[in-house]
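The values are calculated or read from the model by the stated rules, or taken from the named source; none is laboratory data. If you're wondering where the values come from, they're calculated on a predicted model, not measured in any experiment. Positions of Cβ are generated from backbone atoms using ideal geometry, with glycine treated the same way; all protein chains shown enter the neighbour counts.
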Amino acid sequence: MEQLKTIGRELAMGSQGGFGQSKEFLDLVKSIGESRSKAEEDRIVLSEIDILKRKLLEPDVPKRKMKEYIIRLVYIEMLGHDASFGYIHAVKMTHDDNLLLKRTGYLAVTLFLDEDHDLIILIVNTIQKDLRSDNYLVVCAALNAVCRLINEETIPAVLPQVVDLLNHGKEAVRKKAIMALHRFHRKSPSSVSHLVSNFRRKLCDSDPGVMGATLCPLFDLISEDVASYKDLVSSFVGILKQVTERKLPKSYDYHQMPAPFIQIKLLKIMALLSSGDKSASEMMYMVLGDLFRKCDSSTNIGNAILYECIRCISCIIPSPKLLEDAAEAISKFLKSDSHNLKYMGIDGLGRLIKISSDIAEQHQLAVIDCLEDPDDTLKRKTFELLYKMTKSSNVEVIVDRMIDYMISINDNHYKTEIASRCVELAEQFAPSNQWFIQIMNKVFEHAGDLVNIKVAHNLMRLIAEGFGEDDDDADNKLRLSAVESYLQIISEPKLPSLFLQVISWVLGEYGTADGKYSASYISGKLCDVADAYSSDETVKGYAVTALMKIYAFEIASGRKVDVLPECQSLIEELLASHSTDLQQRAYELQALLALDARAVESILPLDASCEDIEVDKDLSFLNGYIQQAIESGAQPYVSERERSGGMFETTDYHSQDHHEVTSHALRFEAYELPKPSVPSQASTTALVPVPEPSYYSEPHQPISTSSSVSERESSEIKLRLDGVKQKWGRPSYQSSTSASSSTPPQAANGTSTHSDGGGVASSSSSKPRSSYESKKPEIDPEKQRLAASLFGGSSSSRSDRKSSSGGGHKPAKGTANKAATVPKENPIPVPDLLDFDEPTGTSDVAATDPFKELEGLMESSSQDGGGSTDVMGLYSTDASAPVKTTTSVDSLLSELSDSSRGTYHQSQTTKGPNSKEALEKDALIRQMGVNPTSQNPTLFKDLLG
Amino acid sequence: MIKAVMMMNTQGKPRLAKFYDFLPVEKQQELIRGVFSVLSSRPENVSNFLEIDSLFGPDSRLVYKHYATLYFVLVFDGSENELAMLDLIQVLVETLDKCFSNVCELDIVFNYSKMHTVLDEIVFGGQVLETRSDEVMKAVEEISKLEAASNSISLVPKSVSGWRGGR
């Protein structure tokens, strides 16, 4: 072990010269690699910073040294430490004439500086000069800096030079100039809007690489404004056709695919252009069909193009043949062992499902496999697919699965997302309200504090309103079941605050309504809640208000109320609470207990949470009082608009204080002496805790305000006593319809929702299919049952065929494989408008067609490329090139690497060397934080794959 | 558009990080740490893709590849193709392998500026510029040559000699 350590160190030292770095830098890297903790690393870096600070200040630092310091600064900053003390030196270095130093300077400033940094002003001049340099490498370095450092204000300073470079002799420069212009367009479209035509022109550049680069800005431009680029469809189709026919030089091949990255960009652009456009889509049919036939699905990049074709087909108006091709490609993806391809398959399925919804059925078993896959990414993608294909027939299965998954993960971000999806699906497709409540309970229980508060309001509203029909019996059942489920859940530890609020409200409102539970039982539970979550004031507030309701209902119904001792002590505790809100509620409760039945009934009528509240905006009930006040000498009210206007009034308008109101306008004379205001209803106003600011001067007044107004109207003493109730009342009505209207009435009392659900499916889903047959207990494997319930496919002949084509390895019965019977060889089923075999096929796009020029150029360059084919061919056939490199092993380690090279060949699929020595060595090197290659021949085994 | 390119070792030490939109150093560190913690918790033999909205904002995807002691990571938005990005990592690695003749973590640490040169030839301002590793090599070599010629400091890394024509 010790020996290995020294070998590693020697190696690192030995290569020192080759790396061109000083010993100090080497030591720095090494000591950081060896550090055992973040604190140790920080200490090392901090001392390095001290050294650099000192060295940078020394006079006459040699340039070569300076370069190294700058690199060390970059390294330090990458480790997360502030290197701003050295920025100015990096800036200075960009001014150097030496190419190496200049490039180092540019590299450092592009990594250090933000485009709005103060130091940029010192670089712009240099960039301008460098853009005009004779040395194209200097120009490239400057263009690189331009991309990163130029902001909206400095664009005009360099724009002319960059535009000139579009016609530079070197294609590398032209490419980068296009990219820089593209970057300008992203930063500030207006500054380059007059230059957009350059992109079109560059599409027919003599170099295919430049053309490929032009596709990037064009993609952006087209996604902003599809209509003005429609004329280019035929050009793009032509280019793509030529690329697929290998008209580009051989050097553009990648893993035997001709210019795949260009193909992908083209497909993306064409998907944009042909979306919803029949004639444009038709132009693409043939080339897309060709791609499906030509793409090599054994390589990663071939599959990338296939996936892009699927994506493209999902955007355009496809022909049936193309849809079939896409479906077939998807099934290949899904059947593959590679998780990456499965992922792409699921994604493709999610896209195609919008066009032909029965496509998913073919793959139901594969989809379920993905759902149970250990790969989280794949799982999430599959849930996304399920979310897209949810309908009322399968909502229960899907939402159940989602919730199970939601419970199992810790990632709050995704938990929130999936919780909101569950809620959305449940609201949209719920087969019954009972089910809905159960689902909501689960969501709240497990993701409570991540759920939007609106969801809680909706739930309470649903419980309060029931179906909105006159079926009181069903409503009561629903409420009872809600109460029962809550009483079960309530004793569980650590429930989310929001859920407790819902529980408290429902228990307060309906806990005793049915007579099944006694008031003391419910109030005991509520006291427990207030006790257990004593730090959560909101929950406590809800609990106290719920208690108040319980007692109010008891008093109103003439029963004698025994306040539980724990409840009594809770009230006493809250009377002295620091929270005014809680105090308020406690006092109200205390006051209520002393009232007689008739009064209580009018304060808190039974089940009145849904009652509409009429808001008397004019406050006509105050007329008498106002009249009285005016008669006794008060000034009449002047509306806000008539007063100064503009100034926002935040002071409260109290009905009693109309003198105040009038005095809100700007006054220049001295204030009058304060009159003792004698509110006639002092006792009631004391109950108004937080006066709502200026409620009748605002057009859009908050909802809670309006309710309190009307309360005041109906009964003075009722003020604020049941604010909670009103909050959930009418104001949030509107969205309720979505949940309840989609629910069929007969599902109301159904506990067995399956048959109901089936009914819904056949009535509401577009595909008439009796989906629940298969849900009956069968001897089928569980998976198939799940599949059936998910995909709803089960008229037996249909499902047989589909499942067999979906996954051959599955316990499928049928043999007739529809996909197989489709003649794959069928060349071009769709007649195309354009004749692509004819080289002049695009001549109908007039002589100005850029594509035509390009075509010619590419033809010639493909011939030119012939010379280099040998080299390329050699390279491409020699697949074992990286292995060869491993033979250049340090003699010291030849034995070691020999053994591990053996492993390398044997186990291509495993990661890391198998042999023990190799592992030990690996561990040692890792410990050092560095890893000389020759010791690790498996490093690039993936390259061989 | 590509948002970031990262290389980090299996202990989470960043070896190269490039963000195509400016981010303050602290934010960069936070993202690197976040990415590492996600990657290190991934089991083997699963897909190379991740949806990473929680770190990089909506519609962010991440593709990574694990080579020996290094993770190569690309972060990009919905306008790129995941499988193609995986191949872009491949292009980058192939190029580095040619450049440093059998690349290893050490090469990446010590040839920081060269790494950036290679990367800048492949990805430019967040867009894929060049995917032919031979072309990238040519450009990098030319830069190295000129740099060497432009001054007496001979800093040609061991790399260039490692690339021999059409091996």
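For the stretch A:156-187, name all the residues that are part of a loop (DSSP other than H, G, I, E, B) and either charged (D, E, K, R) or closer than 19 Å to B:Ile2 by Cα (or both).
Residue satisfying the conditions is A:Lys170 alone.
Scan the stretch B:124-142 for residues that are within 7 Å of chain A (Cβ to nearest Cβ), crowded, with 21+ Cβ neighbours inside 10 Å and not in a loop (DSSP other than H, G, I, E, B) and report the count.
So the answer is 3.
So, A:Lys55, is that one without any contact (Cβ under 8 Å) to a residue 60 or more places away in the chain, touching a Phe, Trp or Tyr at 6+ places or on another chain (Cβ under 7 Å), in a helix (DSSP H, G or I) and away from chain B (no Cβ under 12 Å) or not?
yes
Across the stretch B:88-101, what is the number of residues that are crowded, with 24+ Cβ neighbours inside 10 Å and within 7 Å of chain A (Cβ to nearest Cβ)?
Residues flagged as crowded, with 24+ Cβ neighbours inside 10 Å and within 7 Å of chain A (Cβ to nearest Cβ) within the stretch B:88-101 amount to 1.
Taking A:His363 as meeting all but one of (1) without any contact (Cβ under 8 Å) to a residue 12 or more places away in the chain; (2) part of a helix (DSSP H, G or I), write down the number of the exception.
The failed condition is (1).
Being under 32 Å from the mean Cα position of the chain (by Cα), away from chain B (no Cβ under 14 Å), surrounded by fewer than 18 Cβ atoms within 10 Å (Cβ to Cβ) and assigned to a helix (DSSP H, G or I): is that true of A:Ser190 here?
Yes, satisfied.
Could you say whether any residue in the stretch B:60-68 is in contact with a Cys (Cβ under 9 Å, 6 or more places away or on another chain) and surrounded by 21 or more Cβ atoms within 10 Å (Cβ to Cβ)?
Checked against the condition, which is being in contact with a Cys (Cβ under 9 Å, 6 or more places away or on another chain) and surrounded by 21 or more Cβ atoms within 10 Å (Cβ to Cβ), the stretch B:60-68 yields at least one hit.
Looking at A:Leu73, A:Leu79, which is the one that is more than 10 Å from every other protein chain (Cβ to nearest Cβ) and surrounded by 14 or more Cβ atoms within 10 Å (Cβ to Cβ)?
A:Leu73
Which of the residues that make up the stretch A:493-522 are crowded, with 24+ Cβ neighbours inside 10 Å and of a type in the set (Asp, Glu)?
Across the stretch A:493-522, the qualifying residue is only A:Glu509.
Residue by residue, here is whether (1) touching a residue at least 24 places away in the same chain (Cβ under 8 Å); (2) part of a helix (DSSP H, G or I) holds:
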position	(1), (2)
A:Gly515	no, no
A:Ala530	yes, yes
A:Tyr542	yes, yes
A:Leu547	yes, yes
A:Tyr551	yes, yes
A:Ile555	yes, yes
A:Val561	yes, no
A:Leu574	yes, yes
A:Gln584	yes, yes
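Is it true that some residue in the stretch B:90-106 is closer than 30 Å to A:Ser223 by Cα and either over 11 Å from the mean Cα position of the chain (by Cα) or of a type in the set (S, T, N, Q) (or both)?
Within the stretch B:90-106 (the criterion being closer than 30 Å to A:Ser223 by Cα and either over 11 Å from the mean Cα position of the chain (by Cα) or of a type in the set (S, T, N, Q) (or both)), the answer is yes, since at least one residue qualifies.
When the residues of the stretch B:110-123 are filtered to those that are within 12 Å of the chain's Cα centre (by Cα), within 9 Å of chain A (Cβ to nearest Cβ) and of a type outside the set (D, E, K, R), which remaining residue is farthest from B:Phe76 (Cα to Cα)?
B:Tyr112
For residues in the stretch A:374-413 being of a type in the set (Ser, Thr, Tyr) and out of contact with any Ser or Thr (no Cβ under 7 Å at 6 or more places or on another chain), which is surrounded by the fewest Cβ atoms within 10 Å (Cβ to Cβ)?
The residue in question is A:Ser408.
Yes or no: the stretch A:96-113 includes at least one residue that is aromatic (Phe, Trp, Tyr) and under 22 Å from B:Glu142 (Cβ atoms).
So far as the stretch A:96-113 goes, yes, one or more of its residues are aromatic (Phe, Trp, Tyr) and under 22 Å from B:Glu142 (Cβ atoms).
Here is a yes/no grid of residues against (1) at pLDDT 90 or above; (2) assigned by the TED database to the domain that holds A:Glu58:
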| site | (1), (2) |
| --- | --- |
| A:Leu79 | no, yes |
| A:Phe85 | yes, yes |
| A:Ala90 | yes, yes |
| A:Gly105 | yes, yes |
| A:Thr126 | yes, no |
| A:Ala141 | yes, no |
| A:Glu152 | no, no |
| A:Ala180 | yes, no |
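Do we find a residue being away from chain B (no Cβ under 12 Å), crowded, with 18+ Cβ neighbours inside 10 Å and farther than 18 Å from B:Gln28 by Cα anywhere in the stretch A:101-111?
No, every residue in the stretch A:101-111 fails to be away from chain B (no Cβ under 12 Å), crowded, with 18+ Cβ neighbours inside 10 Å and farther than 18 Å from B:Gln28 by Cα.
For the stretch B:39-60, how many residues are facing another protein chain (nearest Cβ under 10 Å), outside any loop (DSSP other than H, G, I, E, B), closer than 22 Å to A:Ile346 by Cβ and touching a residue at least 24 places away in the same chain (Cβ under 8 Å)?
Number satisfying all stated conditions: 1.
Of everything in the stretch A:513-536, what is in contact with a helix residue (DSSP H, G or I) (Cβ under 6 Å, 6 or more places away or on another chain), within 19 Å of A:Glu572 (Cβ to Cβ) and of a type in the set (A, V, I, L, M)? Give them in sequence order.
Once the filter is applied, which keeps residues that are in contact with a helix residue (DSSP H, G or I) (Cβ under 6 Å, 6 or more places away or on another chain), within 19 Å of A:Glu572 (Cβ to Cβ) and of a type in the set (A, V, I, L, M), the stretch A:513-536 yields A:Leu526, A:Val529, A:Ala530.
Among (1) within 7 Å of chain A (Cβ to nearest Cβ); (2) touching a Phe, Trp or Tyr at 6+ places or on another chain (Cβ under 9 Å), where does B:Leu146 come up short?
The number of the failed condition is (2).
Listed here are the residues, each with its yes/no results for (1) among the charged types (D, E, K, R); (2) modelled with pLDDT of 85 or more.
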{"position": "A:Glu10", "(1), (2)": "yes, no"}
{"position": "A:Met13", "(1), (2)": "no, no"}
{"position": "A:Gly17", "(1), (2)": "no, no"}
{"position": "A:Gly20", "(1), (2)": "no, no"}
{"position": "A:Lys23", "(1), (2)": "yes, no"}
{"position": "A:Leu26", "(1), (2)": "no, no"}
{"position": "A:Arg36", "(1), (2)": "yes, no"}
{"position": "A:Ala39", "(1), (2)": "no, yes"}
{"position": "A:Glu48", "(1), (2)": "yes, yes"}
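Anything in the stretch B:6-33 that is touching a helix residue (DSSP H, G or I) at 6+ places or on another chain (Cβ under 7 Å), part of a helix (DSSP H, G or I) and facing chain A (nearest Cβ under 9 Å)? List them, or say none.
Correct list: B:Val25 only.
Do we find a residue being in contact with a Ser or Thr (Cβ under 8 Å, 6 or more places away or on another chain), buried (at least 18 other Cβ atoms within 10 Å of the Cβ) and at pLDDT 85 or above anywhere in the stretch A:565-573?
yes
Just to verify a result, which residue in the stretch B:69-83, among those that are free of Cβ contacts under 8 Å to residues at least 24 places away in the same chain and surrounded by 23 or more Cβ atoms within 10 Å (Cβ to Cβ), is nearest to the other protein chains (Cβ to nearest Cβ)?
Ranking the qualifying residues of the stretch B:69-83, first place goes to B:Leu83.
From A:Ile239, A:Ile269, A:Ile222, grab the single residue that is among the aliphatic types (A, V, I, L, M), over 26 Å from the mean Cα position of the chain (by Cα) and part of a helix (DSSP H, G or I).
Among A:Ile239, A:Ile269, A:Ile222, only A:Ile239 is among the aliphatic types (A, V, I, L, M), over 26 Å from the mean Cα position of the chain (by Cα) and part of a helix (DSSP H, G or I).
Can you say whether A:Val91 is β-branched (Val, Ile, Thr), crowded, with 20+ Cβ neighbours inside 10 Å and at the interface with chain B (Cβ under 10 Å from one of its Cβ atoms), as far as the supplied structure shows?
So A:Val91 does not fit the description; no.
What's the total number of residues in the stretch A:295-340 that are crowded, with 24+ Cβ neighbours inside 10 Å, free of Cβ contacts under 8 Å to residues at least 40 places away in the same chain, within 11 Å of chain B (Cβ to nearest Cβ) and under 25 Å from the mean Cα position of the chain (by Cα)?
Number of matching residues: 1.
Report yes if A:Lys129 is basic (Lys, Arg), closer than 30 Å to A:Asn167 by Cα and without any contact (Cβ under 8 Å) to a residue 12 or more places away in the chain, otherwise no.
yes
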